[in-house]
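Just below is one structure, and these are the notes that go with it.
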Amino acid sequence: MSEAVAAVGEGASDAAVPTVEVEGLTKVYQAGDPDLAVRALDGLDFRIERGDSVAIVGPSGCGKSTLLHVLGCLDRPTSGRYRLEGQDVANLDEDALARIRNHHIGFVFQSFNLLPRMSAVENVELPLLYAGVSGGRERALSALARVGLADQAHRWPNELSGGQNQRVAIARALVTRPSLLLGDEPTGALDSGTSADVLDLLTTLHDEGTTLVLVTHDIAVARRLRRAIWMRDGRIVDDGPSGPVLDAFIEATAGGADAPA
Amino acid sequence: MLLRETIRTALRSLLSHRMRTALTALGMVIGVAAVIAVLAIGEGAKSSVEGHIRSLGTNLLSVRPGRRVAGPVRVGRVDTLVRGDVDAIAELPGVAAVSGETAGSGQVKHRENNLSATVYGVTEDYLAIRNLAVARGIGFGEADDRQRRRVAVIGAEVAMELFGGRPALGERIQIAGQGFTVVGVLEAKGDMGFSSPDEYVLVPLSVHQGSLFGSDALSSISVQVEREELSDEVQERIEQLLRLRHRLAVGEDDDFEVRSQTEMLETMGAVTGTFSALLGSVAAVSLLVGGIGIMNIMLVSVRERTREIGVRMAVGARRRDILMQFLVESIVVSVFGGLLGIALGTGAALLIARLGQWEAVVPTYAYTLALGVSVFIGIVFGVGPARRAARLDPVEALRNA
Ligand SMILES: Nc1ncnc2c1ncn2[C@@H]1O[C@H](COP(=O)(O)OP(=O)(O)OP(=O)(O)O)[C@@H](O)[C@H]1O
Ligand SMILES: [Mg+2]
């Protein structure tokens, strides 16, 4: 599996290889009775080029989180192919997936998911501990500086505001310099001002070269990204530059079919 | 992840639930304390028994009145042995020396100092047979017993209490209100568990049986055999002789018992063995309860921290990292309990030693063993919950509120 990881690493240096490439990506949740199977992802095909920024939109239950989990190697597709930087990861074993999550993926959640009994800098250092690298503390501190929280490094999550918590979470996601940064409604729990700050931070990171994929219900957030994928019932309805796709999505929603939550 | 980090994480998580951690560790505390106490008492009893046997001298047979049924329990009359038996045994071939002994308790006084002691009546050979040396004075003379001289040989401890370091030899003491002259002070032996010669007050048997306590019965007769190989033979001769002297009919039970040193060792071993087995089962049950307690708390902890597990997996923890984290946590609780148990067990052992019934020595290997047992329990009862944590699905775990 270390070979597989090494192969992914090599892929990163090849600009021609897309960061994400999925074909027929399917995730089926089987709830006992086969008739009740939920096709949360129903044969998706798309690529995400290196350095792109993508918003995933769609009504509740359409499979956005499921897609993000599969892209983030937290979950495995039922069928279909998934290449992360040219390397097939759909069939890797658990340890190899853990290493890919550690080395190549940064995950930001709606509810921050910081560990409450660790200071900000310790939370940020956590991925580096699992990576087994030395000098983790310095790297964690510089990641915190990058999100503008150098002076809050030793505060506890419950001493920080929601926006600050999410910045710590972003620092944790980027501390391993991942090739793919995933966010599942990263601004969903924040008020609009804080939300804008966090979004500024994410787009700055994107401008610096990180491939960014965000699930969001907030059209304003989605518009800040270059591209949008509109999903419904596990399928892609539309995919393209965010402006036109989001306009079409809003129009459909206004018609009552896809009311955003 | 580095083991150091894992241990730090475990400590932090345990410290955030101090009360719960303490209660969880309690079973281990009791279990390990019991283990330590078992080993300390076992070791102490062993050295006591050895010391006792050493103090008895070699090639010794002991004749006691009555009959033994189980362990130290005796039945039947206890006044069957008399002075005449001692003299008769002395005539048997193969017998090197004999001493008859009896005991009574009384106040021993010198001026304003007084103490209550067990006063033994003994015959002349007693000191030689029991390997007791007189540090000062001459001990009993050949005529002391025959002439009913009021002389006494006292243990080092008794001399200290009565005379406080001043010379005791030739001084007068009062035993049960009667005047005696000190003719010897025994060499100090130190504490040997059971009864120590340092606490002895010895007077001639004839005086003890006569004016002092007025009882004919002997508590025991010690017989020294000429050579080790003769032991069985002499034992048999004594039995025949005493049956004859006590006019026991054929088929009637002995009203005395002759035992060799090996048999005495076995009896004492049986007593300490029973005690050790009892404490040992307390230890086993406590450790089991302690282990189950740990397992229970670890299961609760895994459930409470499901989301944390999900987060750790999301940032790159492998299943074995999660397994190790919870396993280390359960080992830490267990070892924490074990360390407290070692302290408590050592304290209990020292207390038992001070109460004086048993000597208690905690052997060094007991500490290693107790720690080993703690780690073992931590692993055995922690591995189930840890595996449950490691097998969680990352997405499910993250969804957990
Ligand atoms: N573990 C599971 N078992 C069964 N069905 C599941 C499971 N997880 C998700 N689903 C189903 O899969 C579909 C997609 O779920 P998903 O969470 O991806 O939706 P979503 O687009 O993220 O919705 P939301 O906007 O509300 O977060 C839903 O119908 C959901 O009920
Ligand atoms: Mg979702």
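The values are calculated or read from the model by the stated rules, or taken from the named source; none is laboratory data. Worth saying up front: this structure is predicted, and the values here are computed from it rather than measured. Don't worry about glycine lacking a Cβ; one is built from the backbone with ideal geometry, like all the others, and counts go over all protein chains shown. Accessible surface is based on the protein model in full, side chains and every heavy atom, while ligands, DNA and RNA are left aside. Shrake-Rupley method; radii C 1.70, N 1.55, O 1.52, S 1.80 Å.
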Report summary line: Over region A:39-74, the set of residues of a type outside the set (Ser, Thr, Tyr), in contact (Cβ under 8 Å) with a residue 24 or more places away in the chain and within 9 Å of ligand 1 (Cβ to nearest atom) is A:Arg39, A:Ala40, A:Leu41, A:Ile56, A:Gly58, A:Pro59, A:Cys62, A:Gly63, A:Lys64, A:Leu67, A:Leu68
Query raised in the report: Taking region A:203-218 only, how many residues are within 16 Å of ligand 1 (Cβ to nearest atom) and not in a loop (DSSP other than H, G, I, E, B)?
Result: 3
Query raised in the report: Which one of these is out of contact with any Ser or Thr (no Cβ under 9 Å at 6 or more places or on another chain), open to solvent by 10 Å² or more (accessible area, probe 1.4 Å) and either within 16 Å of ligand 1 (Cβ to nearest atom) or not in a helix (DSSP H, G or I) (or both): A:Gly188, A:Gly148, A:Gly193?
Result: A:Gly148
**Report entry** Which listed residue is at pLDDT 95 or above and either among the polar types (S, T, N, Q) or within 16 Å of ligand 1 (Cβ to nearest atom) (or both), from A:Val237, A:Val221, A:Val168
**Finding:** A:Val237
**Report entry** Test for B:Ile379: is it over 28 Å from the mean Cα position of the chain (by Cα) and either away from chain A (no Cβ under 14 Å) or polar (S, T, N, Q) (or both)
**Finding:** yes
Query raised in the report: In region B:10-28, what count of residues is obtained for those that are outside any helix (DSSP H, G or I) and away from every other protein chain (no Cβ under 13 Å)?
Result: 0
Query raised in the report: Among B:Gly310, B:Gly372, B:Gly316, which is of a type outside the set (Val, Ile, Thr) and away from chain A (no Cβ under 14 Å)?
Result: B:Gly372
Query raised in the report: Out of all the residues in region B:161-180, is one or more open to solvent by less than 20 Å² (accessible area, probe 1.4 Å), free of Cβ contacts under 8 Å to residues at least 60 places away in the same chain and within 21 Å of B:Arg64 (Cα to Cα)?
Result: no
Report summary line: Inside region A:22-48, the number of residues satisfying the requirement of being over 18 Å from A:Ala90 (Cβ atoms) and either among the hydrophobic types (A, V, I, L, M, F, W, C) or surrounded by 16 or more Cβ atoms within 10 Å (Cβ to Cβ) (or both) is 4
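Restricting attention to region B:271-307, report how many residues are over 26 Å from B:Ala370 (Cβ atoms), open to solvent by less than 40 Å² (accessible area, probe 1.4 Å) and within 14 Å of chain A (Cβ to nearest Cβ).
Counting residues in region B:271-307 that are over 26 Å from B:Ala370 (Cβ atoms), open to solvent by less than 40 Å² (accessible area, probe 1.4 Å) and within 14 Å of chain A (Cβ to nearest Cβ) gives 2.
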**Report entry** Hits in region A:61-119 - residues which are within 14 Å of ligand 2 (Cβ to nearest atom) and in contact with a His (Cβ under 7 Å, 6 or more places away or on another chain)
**Finding:** A:Asp75
Query raised in the report: Has region A:160-174 got any residue that is aliphatic (A, V, I, L, M), open to solvent by 40 Å² or more (accessible area, probe 1.4 Å) and within 14 Å of chain B (Cβ to nearest Cβ)?
Result: no
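Can you find, within region B:347-401, the residue that is least open to solvent (accessible area, probe 1.4 Å) among those that are of a type in the set (S, T, N, Q) and either within 16 Å of ligand 2 (Cβ to nearest atom) or in contact with a helix residue (DSSP H, G or I) (Cβ under 9 Å, 6 or more places away or on another chain) (or both)? Let's see the steps before the verdict.
Step one: filter region B:347-401 for residues of a type in the set (S, T, N, Q), giving B:357, B:364, B:368, B:374, B:400.
Next cut, either within 16 Å of ligand 2 (Cβ to nearest atom) or in contact with a helix residue (DSSP H, G or I) (Cβ under 9 Å, 6 or more places away or on another chain) (or both) only: B:374, B:400.
Numbers: B:Ser374: 0, B:Asn400: 60 Å².
Among those residues, the one meeting the criterion is B:Ser374.
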Query raised in the report: When you look at A:Ser142, is it surrounded by fewer than 19 Cβ atoms within 10 Å (Cβ to Cβ), under 22 Å from the mean Cα position of the chain (by Cα) and hydroxyl-bearing (Ser, Thr, Tyr), yes or no?
Result: yes
Query raised in the report: Just one of A:Val213, A:Val198, A:Val168 is within 16 Å of ligand 2 (Cβ to nearest atom), among the hydrophobic types (A, V, I, L, M, F, W, C) and within 19 Å of the chain's Cα centre (by Cα); which is it?
Result: A:Val213
Report summary line: Taking region A:102-127 and the residues there that are open to solvent by less than 20 Å² (accessible area, probe 1.4 Å), within 9 Å of chain B (Cβ to nearest Cβ) and among the aliphatic types (A, V, I, L, M), the one that is nearest to the chain's Cα centre (by Cα) would be A:Ile105
